[in-house]
Amino acid sequence: MGGGGGGARLGLEARSARAAPRRRGGGWRRYALAAVVLALVLAYLGWQRFGPGVVVRDLAVTTDPAGPGCDRAADVVAVVRTDGRPGTLTYRWVRSDGTRSEELTERVPGGRKEATLHLLWTFKGTGSYPARAELQLISPVTRSAATDFTYRCRP
């Protein structure tokens, strides 16, 4: 009998014994804590930027009560005290000579509890002129304060 026949050939193949990697507890759990922390940080930053704005605590307007000297300017100073939150103050100056400024703005950065606003009012000529300067705060609240002084210039 010839050696070739009908016998089946049995071959052994070596197969790798690697098992498929097992996932522990689902993929989302691995990142859950990081996602929660990120969401909290973003919420806090959003609240800081878009949350409640600046709150005005006090408003005062002053100048030298003696008034400016001849042909000089009076420096009228308004101090707006705030709660330290960031925001924008909208205001205008109104003078007793009938002059009104346009609406002006002052950006108050976070952490700053005072905003200082100046009005330079120039006087010329001789004589005496009683003057009043008023700061009208328009927003975030409506409030006003004023100061009186007299310009005197003798020839």
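The values are calculated or read from the model by the stated rules, or taken from the named source; none is laboratory data. All values derive from a computational prediction rather than experimental measurement. Here Cβ is always computed from backbone atoms with ideal geometry, including for glycine, and neighbour counts include all displayed protein chains. Surface accessibility is based on the protein's heavy atoms, side chains included, excluding ligands, DNA and RNA. Shrake-Rupley method; radii C 1.70, N 1.55, O 1.52, S 1.80 Å.
Key figures for this structure:
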item: Some residue of segment 62-71 being modelled with pLDDT under 95 and surrounded by 15 or more Cβ atoms within 10 Å (Cβ to Cβ); result: yes
item: Every residue from segment 130-147 that is part of a strand (DSSP E or B), within 33 Å of the chain's Cα centre (by Cα) and of a type outside the set (A, V, I, L, M, F, W, C); result: ARG132, GLU134, GLN136, SER139, ARG143, SER144, THR147
item: Given (1) assigned to a strand (DSSP E or B); (2) in contact with an Asp or Glu (Cβ under 7 Å, 6 or more places away or on another chain), number of the condition TYR151 does not satisfy; result: (2)
item: Qualifying residue in segment 8-23 (condition: at pLDDT 85 or above, open to solvent by 60 Å² or more (accessible area, probe 1.4 Å) and not aromatic (Phe, Trp, Tyr)); result: no
item: Residue list for segment 142-155, restricted to those being β-branched (Val, Ile, Thr) and either touching a His at 6+ places or on another chain (Cβ under 8 Å) or open to solvent by less than 50 Å² (accessible area, probe 1.4 Å) (or both); result: THR147, THR150
item: Those residues of segment 77-130 which are open to solvent by less than 50 Å² (accessible area, probe 1.4 Å), under 18 Å from ALA146 (Cα atoms) and of a type in the set (D, E, K, R), in sequence order; result: ARG92
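Results for (1) at pLDDT below 95; (2) of a type in the set (D, E, K, R); (3) closer than 27 Å to GLY69 by Cα, shown as yes or no for each residue.
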site: ARG92; (1), (2), (3): no, yes, yes
site: ARG100; (1), (2), (3): no, yes, yes
site: LEU119; (1), (2), (3): no, no, yes
site: SER128; (1), (2), (3): yes, no, yes
site: ALA131; (1), (2), (3): no, no, yes
site: GLN136; (1), (2), (3): no, no, yes
site: ARG143; (1), (2), (3): no, yes, no
